[in-house]
1. Would you list which lysines come within 25 Å of K97, measuring only between C-alpha atoms, while excluding same-chain residues fewer than 8 positions from it?
2. Only loop residues by DSSP count here, and only those with at most 12 other Cβ atoms within 10 Å; note down the trypsin sites (Lys or Arg not before Pro) in region 1-37 that meet that.
3. Which order do peptides 106-113, 43-50 fall in by mean Cβ count within 10 Å, highest first?
4. Under a point spin-label approximation (7 Å from Cα along Cα-to-Cβ), what is the Q103-Y36 distance to one decimal in nm?
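Here, each number is a calculation from the coordinates, and none is a lab measurement. Model, not experiment: these values are computed from the prediction. Here Cβ is always computed from backbone atoms with ideal geometry, including for glycine, and neighbour counts include all displayed protein chains.
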Amino acid sequence: MKLTERKAIGKSIELWEWLAETGEYDKEDWDGWEDYGEAKDECFLCEYAIQKSGTDMVQGELGRCVACPYYIKYGGKCFKNDTPYVHWDEADTKKDKIKYAKQFLAQLRKLSTETVTIEIEIDTETFKTISSLHELFDTILEGLSPEDREKLEIK
């Protein structure tokens, strides 16, 4: 499955909502895999990072993790040191699985609320013909890809 960053984060949130609700011990038990197919390490962020970086390596500066939204936001690998993911993975009780899955889910949700800035250039002639903000907005939307339109946030 081809993933955008937004889709990888969204699917990760779906998976971790289920883990936080059920306290299941294994990501691979999620029924959602039937709809979405497989992902490296049962992780949409890993799969996205592989697609973006072009490598399956996890070690070194050129590894896939440097393309992972979690790595970029939190400054490290999810499976290293003192992260909610590590605590979830090592938890022995359903109560602890739920606790740490909720913590990891909260981090994933923060990834989905990141603001993206899109710079748009409009030539002077086009700008002169625009008679309203509504028309300006329509002109801007015409120049955006569908993926960029999904990221657009109007303030």
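1. K7, K11, K27, K40, K73, K77, K80, K110
2. On the way: sites: K2, R6, K7, K11, K27; in loops: K2.
Taking region 1-37 and a limit of 12 other Cβ atoms within 10 Å, the loop trypsin sites (Lys or Arg not before Pro) found are K2.
3. Details: 106-113: 15.2, 43-50: 24.5.
Output ranking for 106-113, 43-50: 43-50, 106-113.
4. Roughly 2.3 nm, to one decimal.
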